[in-house]
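Contents: one structure, followed by commentary.
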Amino acid sequence: MSATGRPEREDRSAQRDGSPVTRAVVFAYHNVGVRCLRLLLSEGVDVPLVITHRDDPDETIWYDSVAATAAEHDLAVLVPEDPNTADVVAAVRAAAPDFLFSFYYRKMLKAPLLALAPRGALNMHGSLLPRYRGRAPVNWAVLHGERETGATLHYMTEKPDNGDIVGQTAVPVLRDDTAREVFDKVTVAAEITLAAALPALVAGTAPRRAQDLARGAYFGGRKPADGVVDWMQPAQRIHDLVRAVAPPYPGAMTTVGGVPARVLRTRVADRAESPTLAPTLAIVDGRLFAHCGGGGNLRVLELELGGRPADAAALRERFGAAPVPLGGAARC
């Protein structure tokens, strides 16, 4: 025991067979960060330092905590605003890592940090690179109606998500999957990818495959305002937007009869319905259907109206039986 009464950390300078233990400094956040950190520890990697983020009070925190996971394992933790400052670089250098790993850490690591990992600095990205480089890759993939995405482990450079690929794992995206459901699959894909690559990384035999960057594009972060529904789009495209921003993300925002609303869950009812210049929400056999401007109908499975859940009965009570206009300016 230490003088503070806490257990001393195990000396992991060498394994039982005398070979040195691999050391890694981990930059991590979110569920991918938690699962990949746990995997490293489970596989005997010594993690002398974890660097993570403070939770943003303006963000819905629906995911697990890297800081809590590190505390559970008595790991040293830093929570800097900028990981590239001289004091953080000094702390990482003092940890003498073989590898740096970034698992859904939100800041770019610059050259002085990357140079501190003699055996490689690697990032886990939530897409099948080179597709969907940049921010919010799962949300963008769902928004674009992709039927497959995944996780990619790649070497870091100072340019985001363009380093050589070590490994990838694909997962299916079902037609009605929300971004949260896809993110859960991508988290498992990240763990599988890291587990498969780690022995070769430690042995120094991991593959490196250059990315063909022309086969993908860079995407930026998304804001709540990006979730406003354009009802003049086809039903499928609107459905993909709803899925991409469904809770725990902010939801697809619109107005129903001039009242602010959020569309939280939909299903494409048909694609053949002709386009219209006046999109509406109608009650049909006790269910809600949106007739979309670009053609097709959506069944609206979950709706909030004026901040409260609303079903067909609530819509009829407020607006009557006639179809209600969708979109347009909100009433004050």
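Out of everything in the stretch 219-236 that is in contact with a helix residue (DSSP H, G or I) (Cβ under 9 Å, 6 or more places away or on another chain), in a helix (DSSP H, G or I) and of a type outside the set (D, E), what residue ends up being surrounded by the most Cβ atoms within 10 Å (Cβ to Cβ)? Only one residue tops the list, namely G227. Residues in the stretch 78-102 that are hydrophobic (A, V, I, L, M, F, W, C), open to solvent by 40 Å² or more (accessible area, probe 1.4 Å) and in contact with a Leu (Cβ under 8 Å, 6 or more places away or on another chain): L78 alone. Within the stretch 208-223, residues that are closer than 15 Å to V245 by Cβ have Cβ atoms under 9 Å from residues that are of a type in the set (A, V, I, L, M, F, W, C) and outside any loop (DSSP other than H, G, I, E, B) in these pairs: F219/W140; R222/W140; R222/L143; R222/A244; R222/V245, counting only partners at least 6 apart in sequence or on another chain.
Matching residues to (1) within 23 Å of the chain's Cα centre (by Cα); (2) of a type in the set (A, V, I, L, M, F, W, C); (3) part of a helix (DSSP H, G or I):
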{"site": "R38", "(1), (2), (3)": "yes, no, yes"}
{"site": "P48", "(1), (2), (3)": "no, no, no"}
{"site": "D55", "(1), (2), (3)": "yes, no, no"}
{"site": "A67", "(1), (2), (3)": "yes, yes, yes"}
{"site": "E81", "(1), (2), (3)": "yes, no, no"}
{"site": "A90", "(1), (2), (3)": "no, yes, yes"}
{"site": "F101", "(1), (2), (3)": "yes, yes, no"}
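Note on the stretch 24-45: residues that are surrounded by fewer than 22 Cβ atoms within 10 Å (Cβ to Cβ) and over 22 Å from A189 (Cβ atoms) total 1.
Looking at G18, is it part of a loop (DSSP other than H, G, I, E, B) and at pLDDT 95 or above? Criteria not met by G18.
A search for C-beta distances below 8 Å between a residue of the stretch 64-80 that is closer than 19 Å to A96 by Cα and any residue that is among the basic types (K, R) and surrounded by 13 or more Cβ atoms within 10 Å (Cβ to Cβ), counting only pairs 6+ apart in sequence or on different chains, returns D74/R9. Considering the stretch 293-332 alone, what residues qualify as being without any contact (Cβ under 8 Å) to a residue 60 or more places away in the chain, touching a Leu at 6+ places or on another chain (Cβ under 9 Å), over 23 Å from R243 (Cα atoms) and not in a loop (DSSP other than H, G, I, E, B)? Listed by number, the list holds a single entry, A314. Among the residues here, G150 qualifies as open to solvent by less than 10 Å² (accessible area, probe 1.4 Å) and among the small types (G, A, S). Just a yes or no: is a residue in the stretch 270-292 part of a strand (DSSP E or B), closer than 23 Å to A136 by Cβ and open to solvent by less than 60 Å² (accessible area, probe 1.4 Å)? Taking every residue of the stretch 270-292 in turn, none turns out to be part of a strand (DSSP E or B), closer than 23 Å to A136 by Cβ and open to solvent by less than 60 Å² (accessible area, probe 1.4 Å). Could you tell me whether the stretch 52-62 includes any residue that is at pLDDT 95 or above, closer than 21 Å to G126 by Cβ and touching a Gly at 6+ places or on another chain (Cβ under 9 Å)? Yes, the stretch 52-62 contains a residue that is at pLDDT 95 or above, closer than 21 Å to G126 by Cβ and touching a Gly at 6+ places or on another chain (Cβ under 9 Å). Among the residues of the stretch 153-206, those identified as part of a loop (DSSP other than H, G, I, E, B), small (G, A, S) and buried (at least 18 other Cβ atoms within 10 Å of the Cβ) are G163, A206.
The values are calculated or read from the model by the stated rules, or taken from the named source; none is laboratory data. This structure is a prediction, so every number in the text was calculated from the model and none was measured. Glycine gets a Cβ as well: all are built from the backbone with ideal geometry, and neighbour counts include every protein chain shown. These accessible areas exclude ligands, DNA and RNA; they are computed on the full protein's heavy atoms, side chains included. Shrake-Rupley method; radii C 1.70, N 1.55, O 1.52, S 1.80 Å.
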